[in-house]
Amino acid sequence: MFAFILKRMAAALPVMAVVAAVVFAILRLTPGDPAAILAGDSATPEQLDAIRKNLGLDQPIYLQFIQWIGHLLQGDFGTSLLSGTSVVEMIGQRMGPSIALCISTIIVAIVVAIPLGVLAAWRQGKLLDRMVMAASVLGFSIPVFVTGYVLILTFSLGLGWFPVQGYKPLEEGILPFLRSITLPTLALSTVYIALIARITRTSVIEVMNEDFIRTARAKGLGERAVLLGHALRNAAVPIVTIIGVGVAMLIGGVVVTESVFNLPGLGRLVVEAVLARDYPVIQGLILLFALVYVLINLLVDVSYTIFDPRIRY
């Protein structure tokens, strides 16, 4: 297993190198001039040239790329063109709300979706099954920002139970933290609840038709014991896979959700950096997201051996 993990980490290096090169090329080919944004509308050509020279943007692109890669290899993600702050420091300052939102979303999605999927499989073709499937189609079809605005209108502006926007860290008290994170979590988790519930239902139904399930029933085991003791464990591999994919997809969802609820996390930082053409910040964030995606896939592969002992690496 240790050798497998080392191989996967080694295989991730060329992937990260390709991501770095592609991101750098795309950002440099995208229209927009950071110097013009920094200088403002009234800047003269001489002032723009001075800013480009100061930022190193007047150098050939290949030289900028070599310098950037050299700094990356030393653990330096660069410095923001706008604020002059280290990219690593900016990511560290904005990471808290995003981590809180991702963790709470995954917890809510797993706690709600897996029981719903199992119940739907158990009552296949019945009213409960149809209701769960209809709700999952609805949850998967409605964009996150629409769900977010509906929640704000209902529970913030209408009932006044939760703040309209903003984030309170856990250090300021658990109740303010929960009030600030509840609506964003509900908005973002609807998509993942729908996705995980559908996959859980399909996987459990497939396993329930296997021969070993009929054998377990023939031995006199009750339906609940068969479902929870045999079917769910053997259906776990595709469920874990879709949870891993869902965690990776959270990156896109976080950007939208943090913008709707004005959470000062990494998603908002991406939007701000893109609007300002802040190249170092965008590059650093995309590399971070790519690394998270690689690590999540590695964790999913390793978890297969836990749920299915037949899988060996």
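Among residues of the stretch 246-274 that are within 27 Å of ARG198 (Cα to Cα) and open to solvent by less than 50 Å² (accessible area, probe 1.4 Å), those with a Cβ under 7 angstrom from a residue that is part of a helix (DSSP H, G or I) and of a type in the set (Lys, Arg), sequence gap 6+ or separate chain, pair up as GLU258/ARG268. Within the stretch 275-294, the set of residues being part of a loop (DSSP other than H, G, I, E, B) and surrounded by 24 or more Cβ atoms within 10 Å (Cβ to Cβ) comprises ASP278 only.
Taking each residue of the stretch 194-219 that is farther than 18 Å from ILE243 by Cα and looking for partners that are of a type in the set (Asp, Glu) with beta-carbon atoms closer than 8 Å, six or more apart or interchain, yields ARG217/GLU223.
To keep it simple, each residue is scored yes or no on (1) within 26 Å of the chain's Cα centre (by Cα); (2) at pLDDT 90 or above; (3) surrounded by fewer than 16 Cβ atoms within 10 Å (Cβ to Cβ).
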site: LEU119; (1), (2), (3): no, no, no
site: TRP122; (1), (2), (3): no, no, no
site: SER136; (1), (2), (3): yes, no, no
site: PHE140; (1), (2), (3): yes, no, yes
site: PRO143; (1), (2), (3): yes, no, yes
site: VAL150; (1), (2), (3): yes, yes, yes
site: VAL164; (1), (2), (3): yes, no, yes
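Evaluate the stretch 71-92: report whether one residue or more is surrounded by fewer than 17 Cβ atoms within 10 Å (Cβ to Cβ), under 22 Å from VAL18 (Cα atoms), touching a residue at least 40 places away in the same chain (Cβ under 8 Å) and touching a Phe, Trp or Tyr at 6+ places or on another chain (Cβ under 6 Å). Scanning the stretch 71-92 turns up at least one residue that is surrounded by fewer than 17 Cβ atoms within 10 Å (Cβ to Cβ), under 22 Å from VAL18 (Cα atoms), touching a residue at least 40 places away in the same chain (Cβ under 8 Å) and touching a Phe, Trp or Tyr at 6+ places or on another chain (Cβ under 6 Å).
The values are calculated or read from the model by the stated rules, or taken from the named source; none is laboratory data. None of these values were measured; they are calculated from a predicted model. Every residue, glycine as well, gets a Cβ built from its backbone with ideal geometry; the counts of neighbours run over all protein chains shown. Quick note on the areas: whole protein, heavy atoms, side chains included, nothing else; ligands and nucleic acids left out. Shrake-Rupley method; radii C 1.70, N 1.55, O 1.52, S 1.80 Å.
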